[in-house]
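See below for the structure under consideration.
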Protein chains: 2
Amino acid sequence: MAETPGGENLLFLTDEQLRKGIEAMFFAYRGFTADPDRILEGMDYGRAHHRAIHFIHRSPGTTVSNLLSILGVTKQSLNRVLRTLIEDGLVRSEKGKVDARERHLHLTDKGQMLERELSDAQRARMRAAYRAVGPQAVQGFRQVLEAMMDPEMRRQYNRLKEGG
Amino acid sequence: MAETPGGENLLFLTDEQLRKGIEAMFFAYRGFTADPDRILEGMDYGRAHHRAIHFIHRSPGTTVSNLLSILGVTKQSLNRVLRTLIEDGLVRSEKGKVDARERHLHLTDKGQMLERELSDAQRARMRAAYRAVGPQAVQGFRQVLEAMMDPEMRRQYNRLKEGG
DNA sequence: CTTGGAAAGTCAACAAGGCTGACGTAAATT
DNA sequence: AATTTACGTCAGCCTTGTTGACTTTCCAAG
(Lines give C-alpha, C1' and ligand atoms only; values in the text may rest on other atoms or scores of the structure.)
Protein backbone atom coordinates (compact mmCIF):
# COMPACT_ATOMS: atom_id res chain seq x y z
CA MET A 1 0.00 0.00 0.00
CA ALA A 2 1.18 3.50 -0.85
CA GLU A 3 1.89 5.51 2.27
CA THR A 4 2.60 9.18 2.72
CA PRO A 5 5.40 10.49 4.93
CA GLY A 6 2.74 10.94 7.60
CA GLY A 7 2.01 7.22 7.37
CA GLU A 8 -1.43 7.76 5.87
CA ASN A 9 -2.75 5.65 3.01
CA LEU A 10 -4.10 7.96 0.35
CA LEU A 11 -5.41 5.45 -2.17
CA PHE A 12 -8.95 6.51 -1.29
CA LEU A 13 -8.23 9.86 -2.95
CA THR A 14 -7.50 8.50 -6.43
CA ASP A 15 -9.60 9.76 -9.32
CA GLU A 16 -11.00 6.26 -9.64
CA GLN A 17 -12.25 6.22 -6.06
CA LEU A 18 -13.65 9.72 -6.42
CA ARG A 19 -15.51 8.73 -9.56
CA LYS A 20 -17.08 5.81 -7.77
CA GLY A 21 -18.27 8.16 -5.07
CA ILE A 22 -19.75 10.48 -7.70
CA GLU A 23 -21.63 7.67 -9.36
CA ALA A 24 -22.79 6.33 -6.01
CA MET A 25 -24.28 9.75 -5.24
CA PHE A 26 -26.04 9.79 -8.58
CA PHE A 27 -27.62 6.37 -8.27
CA ALA A 28 -28.36 6.64 -4.56
CA TYR A 29 -30.15 9.97 -4.95
CA ARG A 30 -32.49 8.29 -7.38
CA GLY A 31 -33.38 5.74 -4.72
CA PHE A 32 -33.62 8.47 -2.13
CA THR A 33 -36.38 10.29 -4.00
CA ALA A 34 -38.06 7.27 -5.60
CA ASP A 35 -40.57 6.40 -2.87
CA PRO A 36 -41.95 9.90 -2.23
CA ASP A 37 -42.07 10.49 -5.99
CA ARG A 38 -44.17 7.37 -6.38
CA ILE A 39 -46.58 8.49 -3.67
CA LEU A 40 -46.93 11.99 -5.09
CA GLU A 41 -47.34 11.01 -8.71
CA GLY A 42 -50.93 11.33 -9.82
CA MET A 43 -51.93 13.49 -6.83
CA ASP A 44 -50.98 16.81 -8.50
CA TYR A 45 -47.90 17.27 -6.36
CA GLY A 46 -44.22 16.79 -7.04
CA ARG A 47 -40.83 16.88 -5.39
CA ALA A 48 -41.09 20.60 -4.81
CA HIS A 49 -44.22 20.10 -2.73
CA HIS A 50 -42.51 17.36 -0.77
CA ARG A 51 -39.60 19.61 0.08
CA ALA A 52 -41.87 22.42 1.26
CA ILE A 53 -43.93 20.01 3.37
CA HIS A 54 -40.79 18.47 4.85
CA PHE A 55 -39.29 21.72 6.03
CA ILE A 56 -42.56 23.20 7.27
CA HIS A 57 -43.04 20.05 9.31
CA ARG A 58 -39.48 20.34 10.49
CA SER A 59 -39.79 23.95 11.59
CA PRO A 60 -43.44 24.71 12.29
CA GLY A 61 -44.19 28.42 12.14
CA THR A 62 -41.26 29.12 9.86
CA THR A 63 -41.57 32.15 7.62
CA VAL A 64 -41.65 32.25 3.84
CA SER A 65 -38.27 33.93 3.60
CA ASN A 66 -36.70 31.38 5.90
CA LEU A 67 -38.07 28.60 3.74
CA LEU A 68 -36.72 30.39 0.68
CA SER A 69 -33.20 30.40 2.07
CA ILE A 70 -33.39 26.71 2.99
CA LEU A 71 -34.78 25.58 -0.35
CA GLY A 72 -32.65 27.90 -2.44
CA VAL A 73 -35.34 28.78 -4.96
CA THR A 74 -37.01 32.03 -5.93
CA LYS A 75 -40.07 33.28 -4.13
CA GLN A 76 -42.08 32.97 -7.34
CA SER A 77 -41.19 29.32 -7.56
CA LEU A 78 -41.91 28.61 -3.91
CA ASN A 79 -45.09 30.65 -4.03
CA ARG A 80 -46.56 28.53 -6.79
CA VAL A 81 -46.05 25.43 -4.66
CA LEU A 82 -47.15 27.03 -1.41
CA ARG A 83 -50.30 28.45 -2.95
CA THR A 84 -51.56 25.05 -4.05
CA LEU A 85 -50.74 23.54 -0.66
CA ILE A 86 -52.66 26.31 1.10
CA GLU A 87 -55.61 26.11 -1.31
CA ASP A 88 -55.76 22.36 -0.81
CA GLY A 89 -55.76 22.78 2.94
CA LEU A 90 -52.44 21.09 3.67
CA VAL A 91 -50.67 24.21 4.87
CA ARG A 92 -51.90 27.09 7.01
CA SER A 93 -50.40 30.56 6.59
CA GLU A 94 -50.73 33.07 9.44
CA LYS A 95 -49.83 36.71 9.66
CA GLY A 96 -47.06 37.25 12.20
CA LYS A 97 -48.11 38.87 15.49
CA VAL A 98 -44.84 40.58 16.27
CA ASP A 99 -44.09 41.40 12.63
CA ALA A 100 -47.25 41.38 10.55
CA ARG A 101 -45.36 41.34 7.25
CA GLU A 102 -44.27 37.78 7.87
CA ARG A 103 -46.33 34.70 7.17
CA HIS A 104 -45.89 31.80 9.54
CA LEU A 105 -46.43 28.41 7.99
CA HIS A 106 -47.88 25.30 9.62
CA LEU A 107 -49.09 21.95 8.40
CA THR A 108 -52.80 21.28 8.91
CA ASP A 109 -53.93 17.85 10.09
CA LYS A 110 -54.34 16.90 6.47
CA GLY A 111 -50.84 18.18 5.77
CA GLN A 112 -49.47 16.19 8.69
CA MET A 113 -51.02 13.06 7.25
CA LEU A 114 -49.34 13.46 3.89
CA GLU A 115 -46.07 14.40 5.52
CA ARG A 116 -46.26 11.26 7.59
CA GLU A 117 -46.90 9.11 4.55
CA LEU A 118 -44.00 10.62 2.63
CA SER A 119 -41.49 10.55 5.45
CA ASP A 120 -42.47 7.04 6.49
CA ALA A 121 -41.62 5.82 3.01
CA GLN A 122 -38.37 7.74 2.85
CA ARG A 123 -37.33 6.70 6.34
CA ALA A 124 -38.11 3.08 5.63
CA ARG A 125 -35.55 3.00 2.86
CA MET A 126 -33.06 4.90 4.95
CA ARG A 127 -33.61 2.60 7.90
CA ALA A 128 -33.07 -0.49 5.78
CA ALA A 129 -29.85 0.95 4.42
CA TYR A 130 -28.62 2.01 7.86
CA ARG A 131 -29.44 -1.35 9.36
CA ALA A 132 -27.69 -3.16 6.54
CA VAL A 133 -24.39 -1.36 7.08
CA GLY A 134 -24.28 -0.52 10.78
CA PRO A 135 -23.65 2.58 12.88
CA GLN A 136 -19.99 2.97 11.99
CA ALA A 137 -20.74 3.28 8.28
CA VAL A 138 -23.66 5.61 8.99
CA GLN A 139 -21.37 7.94 10.86
CA GLY A 140 -19.00 8.03 7.91
CA PHE A 141 -21.90 8.60 5.54
CA ARG A 142 -23.04 11.67 7.44
CA GLN A 143 -19.51 13.00 7.78
CA VAL A 144 -18.84 12.87 4.05
CA LEU A 145 -22.19 14.43 3.18
CA GLU A 146 -21.63 17.25 5.60
CA ALA A 147 -18.18 17.87 4.18
CA MET A 148 -19.61 18.06 0.66
CA MET A 149 -22.06 20.84 1.46
CA ASP A 150 -21.52 24.47 0.60
CA PRO A 151 -20.72 26.37 3.81
CA GLU A 152 -24.04 28.20 3.67
CA MET A 153 -25.94 24.93 3.31
CA ARG A 154 -23.92 23.39 6.12
CA ARG A 155 -25.02 26.28 8.31
CA GLN A 156 -28.67 25.61 7.41
CA TYR A 157 -28.21 21.91 8.02
CA ASN A 158 -26.67 22.45 11.44
CA ARG A 159 -29.28 24.97 12.47
CA LEU A 160 -31.91 22.35 11.73
CA LYS A 161 -30.01 19.68 13.63
CA GLU A 162 -29.83 21.77 16.79
CA GLY A 163 -33.37 23.09 16.60
CA GLY A 164 -34.93 19.63 16.29
CA MET B 1 -27.02 3.43 25.90
CA ALA B 2 -29.96 1.32 24.78
CA GLU B 3 -28.83 -2.13 23.77
CA THR B 4 -30.68 -4.92 22.02
CA PRO B 5 -30.65 -8.50 23.24
CA GLY B 6 -27.93 -9.04 20.65
CA GLY B 7 -25.87 -6.38 22.38
CA GLU B 8 -26.14 -3.94 19.48
CA ASN B 9 -26.80 -0.24 20.04
CA LEU B 10 -29.68 0.77 17.82
CA LEU B 11 -29.88 4.48 18.58
CA PHE B 12 -28.66 5.19 15.05
CA LEU B 13 -31.99 3.88 13.75
CA THR B 14 -34.20 6.42 15.52
CA ASP B 15 -36.48 8.59 13.41
CA GLU B 16 -34.40 11.57 14.48
CA GLN B 17 -31.19 10.05 13.15
CA LEU B 18 -32.91 8.99 9.95
CA ARG B 19 -34.26 12.49 9.42
CA LYS B 20 -30.79 13.93 9.79
CA GLY B 21 -29.58 11.55 7.14
CA ILE B 22 -32.41 12.60 4.84
CA GLU B 23 -31.60 16.27 5.27
CA ALA B 24 -27.90 15.59 4.82
CA MET B 25 -28.65 13.95 1.47
CA PHE B 26 -30.74 16.93 0.43
CA PHE B 27 -28.16 19.58 1.25
CA ALA B 28 -25.18 17.53 0.10
CA TYR B 29 -26.70 16.80 -3.28
CA ARG B 30 -26.97 20.52 -3.83
CA GLY B 31 -23.24 20.85 -3.25
CA PHE B 32 -22.60 17.81 -5.39
CA THR B 33 -24.18 19.40 -8.46
CA ALA B 34 -23.29 23.02 -7.75
CA ASP B 35 -19.90 23.20 -9.46
CA PRO B 36 -20.85 21.53 -12.76
CA ASP B 37 -24.06 23.56 -12.80
CA ARG B 38 -22.03 26.73 -12.51
CA ILE B 39 -19.75 25.71 -15.36
CA LEU B 40 -22.64 24.76 -17.62
CA GLU B 41 -24.81 27.78 -16.96
CA GLY B 42 -24.75 30.17 -19.85
CA MET B 43 -23.23 27.65 -22.26
CA ASP B 44 -26.61 26.26 -23.39
CA TYR B 45 -26.16 23.00 -21.49
CA GLY B 46 -27.60 21.71 -18.25
CA ARG B 47 -27.42 18.83 -15.84
CA ALA B 48 -28.89 16.44 -18.38
CA HIS B 49 -26.00 17.14 -20.73
CA HIS B 50 -23.54 16.63 -17.92
CA ARG B 51 -24.99 13.23 -17.13
CA ALA B 52 -24.86 12.11 -20.74
CA ILE B 53 -21.27 13.30 -21.08
CA HIS B 54 -20.27 11.60 -17.86
CA PHE B 55 -21.57 8.18 -18.79
CA ILE B 56 -20.36 8.32 -22.39
CA HIS B 57 -16.92 9.16 -21.06
CA ARG B 58 -17.26 6.35 -18.58
CA SER B 59 -18.24 3.73 -21.15
CA PRO B 60 -16.95 4.84 -24.55
CA GLY B 61 -18.83 3.19 -27.39
CA THR B 62 -21.92 2.62 -25.28
CA THR B 63 -25.22 2.43 -27.13
CA VAL B 64 -28.16 4.75 -26.84
CA SER B 65 -30.34 2.11 -25.22
CA ASN B 66 -27.68 1.30 -22.66
CA LEU B 67 -27.43 4.96 -21.82
CA LEU B 68 -31.20 5.08 -21.51
CA SER B 69 -31.24 2.34 -18.93
CA ILE B 70 -28.48 4.01 -16.92
CA LEU B 71 -30.03 7.45 -16.96
CA GLY B 72 -33.59 6.28 -16.49
CA VAL B 73 -35.19 8.79 -18.85
CA THR B 74 -37.19 8.39 -22.04
CA LYS B 75 -35.43 8.16 -25.38
CA GLN B 76 -37.15 11.36 -26.48
CA SER B 77 -35.69 13.19 -23.52
CA LEU B 78 -32.22 11.74 -24.01
CA ASN B 79 -32.39 12.27 -27.74
CA ARG B 80 -32.94 15.98 -27.37
CA VAL B 81 -29.82 16.25 -25.24
CA LEU B 82 -27.77 13.92 -27.41
CA ARG B 83 -28.74 15.73 -30.58
CA THR B 84 -27.40 19.06 -29.36
CA LEU B 85 -24.19 17.42 -28.15
CA ILE B 86 -23.70 15.76 -31.55
CA GLU B 87 -24.55 18.94 -33.45
CA ASP B 88 -22.09 20.90 -31.34
CA GLY B 89 -19.38 18.36 -32.00
CA LEU B 90 -18.95 17.09 -28.45
CA VAL B 91 -20.25 13.59 -29.11
CA ARG B 92 -19.74 11.28 -32.06
CA SER B 93 -22.40 8.72 -32.95
CA GLU B 94 -21.41 5.71 -35.03
CA LYS B 95 -23.49 3.01 -36.58
CA GLY B 96 -22.68 -0.34 -35.04
CA LYS B 97 -20.64 -2.71 -37.20
CA VAL B 98 -21.95 -5.93 -35.77
CA ASP B 99 -25.47 -4.57 -35.29
CA ALA B 100 -26.04 -1.57 -37.50
CA ARG B 101 -29.22 -0.57 -35.69
CA GLU B 102 -27.21 0.48 -32.70
CA ARG B 103 -25.45 3.78 -32.34
CA HIS B 104 -22.16 3.76 -30.50
CA LEU B 105 -21.37 6.96 -28.67
CA HIS B 106 -17.97 8.52 -28.11
CA LEU B 107 -16.76 11.88 -26.88
CA THR B 108 -14.84 13.94 -29.40
CA ASP B 109 -11.73 15.82 -28.32
CA LYS B 110 -13.91 18.82 -27.68
CA GLY B 111 -16.25 16.62 -25.65
CA GLN B 112 -13.33 15.23 -23.66
CA MET B 113 -12.29 18.77 -22.81
CA LEU B 114 -15.66 19.70 -21.38
CA GLU B 115 -15.91 16.37 -19.55
CA ARG B 116 -12.55 17.04 -18.00
CA GLU B 117 -13.56 20.48 -16.87
CA LEU B 118 -16.78 19.23 -15.32
CA SER B 119 -15.33 16.19 -13.62
CA ASP B 120 -12.32 18.10 -12.35
CA ALA B 121 -14.65 20.49 -10.58
CA GLN B 122 -16.82 17.73 -9.18
CA ARG B 123 -13.87 15.63 -8.10
CA ALA B 124 -12.22 18.59 -6.43
CA ARG B 125 -15.16 18.96 -4.07
CA MET B 126 -15.32 15.23 -3.50
CA ARG B 127 -11.60 15.05 -2.81
CA ALA B 128 -11.78 17.87 -0.30
CA ALA B 129 -14.63 16.13 1.49
CA TYR B 130 -12.88 12.74 1.45
CA ARG B 131 -9.66 14.22 2.72
CA ALA B 132 -11.46 16.06 5.48
CA VAL B 133 -13.03 12.91 6.90
CA GLY B 134 -10.61 10.09 6.09
CA PRO B 135 -10.83 6.66 4.46
CA GLN B 136 -12.89 5.01 7.17
CA ALA B 137 -15.72 7.52 6.79
CA VAL B 138 -15.50 7.29 3.00
CA GLN B 139 -16.01 3.56 3.17
CA GLY B 140 -19.11 4.05 5.28
CA PHE B 141 -20.37 6.72 2.90
CA ARG B 142 -20.16 4.39 -0.05
CA GLN B 143 -21.72 1.51 1.85
CA VAL B 144 -24.77 3.52 2.84
CA LEU B 145 -25.24 4.95 -0.64
CA GLU B 146 -25.04 1.52 -2.19
CA ALA B 147 -27.57 0.18 0.29
CA MET B 148 -29.97 3.02 -0.58
CA MET B 149 -30.05 2.23 -4.29
CA ASP B 150 -32.85 0.37 -6.00
CA PRO B 151 -31.63 -3.13 -6.90
CA GLU B 152 -31.67 -2.32 -10.60
CA MET B 153 -29.60 0.81 -10.04
CA ARG B 154 -27.20 -1.11 -7.82
CA ARG B 155 -26.70 -3.52 -10.68
CA GLN B 156 -25.90 -0.65 -13.03
CA TYR B 157 -23.56 0.87 -10.47
CA ASN B 158 -21.67 -2.37 -9.96
CA ARG B 159 -21.40 -3.05 -13.66
CA LEU B 160 -19.74 0.34 -14.01
CA LYS B 161 -17.43 -0.33 -11.11
CA GLU B 162 -16.12 -3.56 -12.59
CA GLY B 163 -15.87 -2.26 -16.12
CA GLY B 164 -13.79 0.78 -15.13
C1' DC C 1 -37.22 -14.53 -48.82
C1' DT C 2 -40.46 -12.59 -46.18
C1' DT C 3 -41.91 -10.70 -42.20
C1' DG C 4 -42.11 -9.64 -37.18
C1' DG C 5 -40.12 -7.01 -33.96
C1' DA C 6 -36.23 -4.49 -31.90
C1' DA C 7 -33.38 -0.22 -32.09
C1' DA C 8 -33.21 4.25 -33.20
C1' DG C 9 -34.87 8.65 -34.48
C1' DT C 10 -38.46 12.26 -34.99
C1' DC C 11 -42.63 15.25 -34.43
C1' DA C 12 -46.06 17.20 -31.49
C1' DA C 13 -47.97 18.41 -27.29
C1' DC C 14 -47.78 18.89 -22.57
C1' DA C 15 -46.33 19.49 -17.39
C1' DA C 16 -43.34 20.45 -13.47
C1' DG C 17 -40.51 23.44 -11.67
C1' DG C 18 -36.76 26.31 -12.19
C1' DC C 19 -35.68 31.41 -13.72
C1' DT C 20 -36.09 36.91 -14.56
C1' DG C 21 -38.49 41.24 -14.51
C1' DA C 22 -41.99 44.26 -13.07
C1' DC C 23 -45.41 45.72 -10.04
C1' DG C 24 -48.40 46.21 -5.78
C1' DT C 25 -49.34 46.29 -0.85
C1' DA C 26 -48.82 46.34 3.89
C1' DA C 27 -45.94 46.98 7.64
C1' DA C 28 -41.73 48.11 9.85
C1' DT C 29 -37.78 51.05 10.19
C1' DT C 30 -35.22 55.15 9.73
C1' DA D 1 -42.42 61.24 5.47
C1' DA D 2 -39.45 58.29 3.03
C1' DT D 3 -37.38 54.01 2.56
C1' DT D 4 -36.88 49.22 3.18
C1' DT D 5 -38.61 44.65 4.01
C1' DA D 6 -41.70 40.60 3.42
C1' DC D 7 -44.82 38.82 0.69
C1' DG D 8 -47.83 37.99 -3.29
C1' DT D 9 -48.69 37.99 -8.15
C1' DC D 10 -48.66 38.52 -13.29
C1' DA D 11 -46.25 37.44 -17.48
C1' DG D 12 -43.01 35.07 -19.97
C1' DC D 13 -39.13 32.13 -20.63
C1' DC D 14 -36.06 27.72 -20.24
C1' DT D 15 -34.75 22.94 -19.16
C1' DT D 16 -35.96 18.55 -18.72
C1' DG D 17 -39.06 15.33 -17.93
C1' DT D 18 -43.50 12.90 -19.88
C1' DT D 19 -46.93 10.34 -23.59
C1' DG D 20 -48.41 9.08 -28.08
C1' DA D 21 -47.87 8.31 -32.85
C1' DC D 22 -45.10 7.41 -36.61
C1' DT D 23 -41.00 6.14 -39.68
C1' DT D 24 -36.71 3.99 -40.94
C1' DT D 25 -33.43 0.58 -40.52
C1' DC D 26 -32.11 -3.84 -39.95
C1' DC D 27 -31.57 -8.51 -37.56
C1' DA D 28 -33.34 -12.93 -37.16
C1' DA D 29 -36.83 -16.45 -37.20
C1' DG D 30 -40.09 -18.75 -39.86
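At 7 Å along Cα-to-Cβ for each site, give me the label-to-label distance between residue B:14 and residue A:124 in nm.
If labels sit at residue B:14 and residue A:124, their model points lie 2.4 nm apart.
In Å, what Rg and Dmax follow from the Cα atoms of the protein assembly as shown?
Calculated on Cα positions, Rg and Dmax stand at 21.6, 73 Å.
Across the residues of A:86-93, average count of Cβ atoms on other protein chains within 10 Å?
Details: counts 0, 0, 0, 0, 0, 0, 0, 0.
Partner-chain Cβ atoms within 10 Å, mean over residues of A:86-93: 0.
How far is helix A:135-148 tilted off the main Cα axis of chain A, in degrees rounded to 10, range 0 to 90?
On a 0 to 90 degree scale, this one is about 70.
Chains A and B: how much accessible area gets covered up at their contact, both sides added, probe 1.4 Å, in Å² to the nearest hundred? Walk me through the numbers on the way to the answer.
On the way: alone 11470 and 11450 Å², together 16730 Å².
Buried: approximately 6200 Å² between B and A.
Got a sec? Charge dipole of the protein assembly as shown, +1 on Cβ for Lys and Arg, -1 for Asp and Glu; which of A:160, B:65, B:10 is way out at the positive end?
Value computed over the given set: B:65.
Would you mind calculating the relative contact order of chain A from Cα pairs under 8 angstrom and at least 6 residues apart, reporting the percent as a whole number?
Details: 119 pairs, mean separation 32.8, N = 164.
Here the relative contact order equals 20 percent.
Can you name the residue in chain B whose Cβ lies closest to the B-to-A rotation axis, and give that gap in whole Å?
B:140, 1
Using a Gaussian network model on chain B with a 10 Å cutoff between Cα atoms, which of B:111, B:134, B:31 fluctuates the most?
Top of the fluctuation ranking is B:134.
Report the full-extension gain for the segment residue B:98 to residue B:38: residue separation times 0.36 nm, less the Cα-Cα distance, to one decimal in nm. Before the final figure, lay out each step's value.
Working: separation 60, 0.36 × 60 = 21.60 nm, distance 4.01 nm.
Gain in length upon complete extension: 17.6 nm.
Quick one: which residues, 5+ away or cross-chain, put their amide H under 5 Å from the amide H of residue B:62? H built at 1.01 Å from N.
Long-range HN contacts for residue B:62: B:105.
So how exposed is residue B:104, as accessible area in Å² (1.4 Å probe, rounded to 10)?
40 Å²
Measure nothing but the geometry: give the 0 to 90° angle between the long axis through the Cα atoms of B:109-133 and the longest principal axis through the Cα atoms of chain B, rounded to 10°.
Taking the Cα atoms of chain B, the angle to B:109-133 is about 10 degrees.
Determine, from the Cβ-Cβ distance of residue A:159 and residue B:110 and an R0 of 51 Å, the FRET efficiency 1/(1 + (r/R0)^6), rounded to the nearest 0.05. Before the final figure, lay out the partial values.
Numbers: r = 44 Å, r/R0 = 0.86.
Plugging the Cβ-Cβ distance into 1/(1 + (r/R0)^6) gives 0.70.
Can you sort A:127, A:142 by solvent-accessible area, 1.4 Å probe, largest first?
Numbers: A:127 65, A:142 40 Å².
Result, largest first: A:127, A:142.
Rank these residues by their accessible area, most exposed first, probe 1.4 Å: B:86, A:53. Before the final figure, lay out the partial values.
Values: B:86 70, A:53 0 Å².
Highest to lowest solvent-accessible surface, that is B:86, A:53.
With r as the distance between the Cβ atoms of residue B:117 and residue A:68 and R0 = 25 Å, compute the FRET efficiency 1/(1 + (r/R0)^6) and round to 0.05. Present the calculation step by step, with values, prior to reporting the outcome.
Values: r = 31 Å, r/R0 = 1.24.
Here the calculated transfer efficiency is 0.20.
Mind checking A:151-160 for the average number of partner chain beta-carbons within 10 Å of each residue's beta-carbon?
Mean number of neighbouring Cβ atoms from other chains: 3.
Would you check the accessible area of residue B:120, probe 1.4 Å, heavy atoms only, in square angstrom rounded to 10?
60 Å²
Inter-copy label distances at residue A:99, 7 Å along the Cα→beta-carbon direction, one decimal in nm, shortest first?
Sorted ascending, the copy-to-copy spacings read 6.1 nm.
Calculate the dipole size of the stretch A:13-133 relative to its Cα centre from +1 charges on Lys and Arg beta carbons and -1 charges on Asp and Glu beta carbons; express the result in debye to the nearest 20. Mind dumping the intermediate values first?
Values: 21 positive and 16 negative charges, 50 e Å.
Computed charge dipole of the stretch A:13-133: roughly 240 debye.
Considering chain B, what Rg and Dmax in Å follow from its alpha-carbon atoms?
Reported Rg and Dmax, both Å: 19.4, 64.
The values are calculated or read from the model by the stated rules, or taken from the named source; none is laboratory data. No experiment lies behind these values; they were computed from the predicted model shown. Note that we place each Cβ from the backbone using ideal geometry, even for glycine, and neighbour counts take in every protein chain shown. Ligands, DNA and RNA are stripped out before the accessible areas are found, and what is left, the full protein with its side chains, is counted by its heavy atoms. Shrake-Rupley method; radii C 1.70, N 1.55, O 1.52, S 1.80 Å.
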